[in-house]
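Just below is one structure, and these are the notes that go with it.
The values are calculated or read from the model by the stated rules, or taken from the named source; none is laboratory data. As the structure is a computational prediction, the values presented were derived from the model and not from experiment. Here Cβ is always computed from backbone atoms with ideal geometry, including for glycine, and neighbour counts include all displayed protein chains.
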Amino acid sequence: REKVEMTKEQRALMKAIVDAYNRHQIPQDVAKKLLQEQYSAEENFLLLTEMATSQVQVLVEFTKNIPGFLSLDREDQIALLKGSTVEAMFLRSAQVFSRKMPNGHTVVLEERIRKSGIPDEFMTPMFNFYKSIGELHMVQEEQAILTAITILMPDRPYVKDHQAVERLQETMLNVLRKLCVLQHPQEQQYFARLLGRLTELRTLSHYHAEMLTSWKMNDHKFTPLLCEIWDVQ
Ligand SMILES: CCOC(=O)c1ccc(NC(=O)c2c3c(nn2-c2ccccc2)CCN(S(=O)(=O)c2cccs2)C3)cc1
């Protein structure tokens with residue numbers, strides 16, 4: 001098989017994306033809170049709202065650092081962000097969840113999330129997704145570029161200049177394809193499996209939209225940022 005090499009530009013692009021991706025993690029104190037004291041369902045829900053809100057803020061910063069994103073049409077930038085926050089959050093959650101946490105922690109974290117007032121029919125697909133991402137053992141470069149690919153999805157609602165987004169996404173896909181060959185030489189279809197997870201992500205975001213409605217019904221409060229980005233009245 002031909003020797004797969006990344007060009008200088010591709011290595012520079014990857015470094016820019018990974019640096020931006022690593023610049024923010026869940027604030028340690030919040031993650032610790034999630035792991036430590038006993039909480040009621042309401043407090044757990046509030047904690048997840050807090051975490052999801054900080055995740056959205058971090059996602060906006062990350063997105064602004066994706067080379068080429070700020071030269072897209074302004075309204076298309078907003079459309080891409082609004083269309084991808086849920087998927088990007090679940091992708092990031094899966095990575096946080098499956099990170100080499102001391103095993104007890106993952107169990108406790110799972111317990112907290114299960115006791116946060118999120119309906120069961122949403123829990124199962126969500127934890128299946130967290131586990132299916134964990135099984136891939138993605139390196140951080142793959143995680144960061146896969147998140148950029150999720151954000152640069154040309155077929156999000158209200159995107160006008162389809163082509164411009166497609167060109168940016170294609171650049172990322174080319175980097176990811178080479179990265180998968182270099183990082184997982186034994187697994188021929190690793191790249192295809194990664195992209196398959198994006199399909200699973202879409203299903204999760206449909207569940208999420210339904211859950212928002214039911215949370216709304218049960219008078220669950222969200223932060224102004226989450227209401228804005230998730231179109232919750
Ligand atoms: C500063 C950078 O921030 C991060 O890196 C970051 C990463 C992940 C998360 N994730 C979460 O907040 C989160 C959520 C869920 N799980 N989960 C989670 C947290 C930790 C590990 C694994 C998963 C399910 C429900 N949603 S929700 O938005 O539908 C919601 C339901 C109720 C109110 S908000 C949120 C946050 C920040």
Residues satisfying the stated conditions in the stretch 126-142, i.e. part of a helix (DSSP H, G or I) and surrounded by 15 or more Cβ atoms within 10 Å (Cβ to Cβ): Met126, Phe127, Phe129, Tyr130, Ser132, Ile133, Gly134, Glu141, Glu142
Got a sec? Which of Asp76, Asp19 is of a type outside the set (A, V, I, L, M, F, W, C), under 27 Å from Pro224 (Cβ atoms) and out of contact with any Ser or Thr (no Cβ under 8 Å at 6 or more places or on another chain)? Asp76
Go over the candidates Gln57, Gln36 one by one and state the one that is without any contact (Cβ under 8 Å) to a residue 12 or more places away in the chain, exposed (fewer than 15 other Cβ atoms within 10 Å of the Cβ) and under 29 Å from His220 (Cβ atoms). Gln36
Residues that are assigned to a helix (DSSP H, G or I), aromatic (Phe, Trp, Tyr) and within 11 Å of the ligand (Cβ to nearest atom), drawn from the stretch 182-233: Tyr207, Trp215
Looking at (1) over 13 Å from the mean Cα position of the chain (by Cα); (2) of a type in the set (A, V, I, L, M, F, W, C); (3) within 14 Å of the ligand (Cβ to nearest atom); (4) buried (at least 18 other Cβ atoms within 10 Å of the Cβ), which is the one condition that is false for Phe90? (1)
Considering Gln38, Gln95, which residue is among the polar types (S, T, N, Q) and under 24 Å from Arg156 (Cβ atoms)? Gln95
Can you name the residue in the stretch 48-73 that is of a type in the set (A, V, I, L, M, F, W, C) and modelled with pLDDT under 90 and, of all such residues, is nearest to the chain's Cα centre (by Cα)? Met51
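Which members of the stretch 22-39 meet the condition of being among the aromatic types (Phe, Trp, Tyr) and under 18 Å from Pro102 (Cβ atoms)?
First pass over the stretch 22-39, keeping only residues among the aromatic types (Phe, Trp, Tyr): 39.
Matches in the stretch 22-39: none.
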Answer yes or no as to whether Ser98 is of a type in the set (Gly, Ala, Ser), farther than 26 Å from Lys216 by Cβ and either away from the ligand (no atom under 13 Å from the Cβ) or surrounded by fewer than 16 Cβ atoms within 10 Å (Cβ to Cβ) (or both). no
I'd like the full set of residues that are part of a loop (DSSP other than H, G, I, E, B) and within 10 Å of the ligand (Cβ to nearest atom), limited to the stretch 25-72. Gln25, Ile26, Pro27
Residue under question is Leu146, and the condition is that it be under 20 Å from Leu72 (Cβ atoms), assigned to a helix (DSSP H, G or I) and in contact (Cβ under 8 Å) with a residue 40 or more places away in the chain; does it hold? yes
Could you say which residue among Ala52, Ala12 is touching a residue at least 40 places away in the same chain (Cβ under 8 Å) and of a type outside the set (Ser, Thr, Tyr)? Ala52
In the stretch 9-47, the residues that are aromatic (Phe, Trp, Tyr), out of contact with any His (no Cβ under 8 Å at 6 or more places or on another chain) and modelled with pLDDT of 85 or more: Tyr21
Filter the stretch 174-226 for residues that are among the hydrophobic types (A, V, I, L, M, F, W, C) and loosely packed, with under 14 Cβ neighbours inside 10 Å; which is farthest from the chain's Cα centre (by Cα)? Met217
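In the stretch 1-24, how many are of a type in the set (Ser, Thr, Tyr) and either in contact with a Lys or Arg (Cβ under 7 Å, 6 or more places away or on another chain) or in a loop (DSSP other than H, G, I, E, B) (or both)?
Of the residues in that region, 1 qualify.
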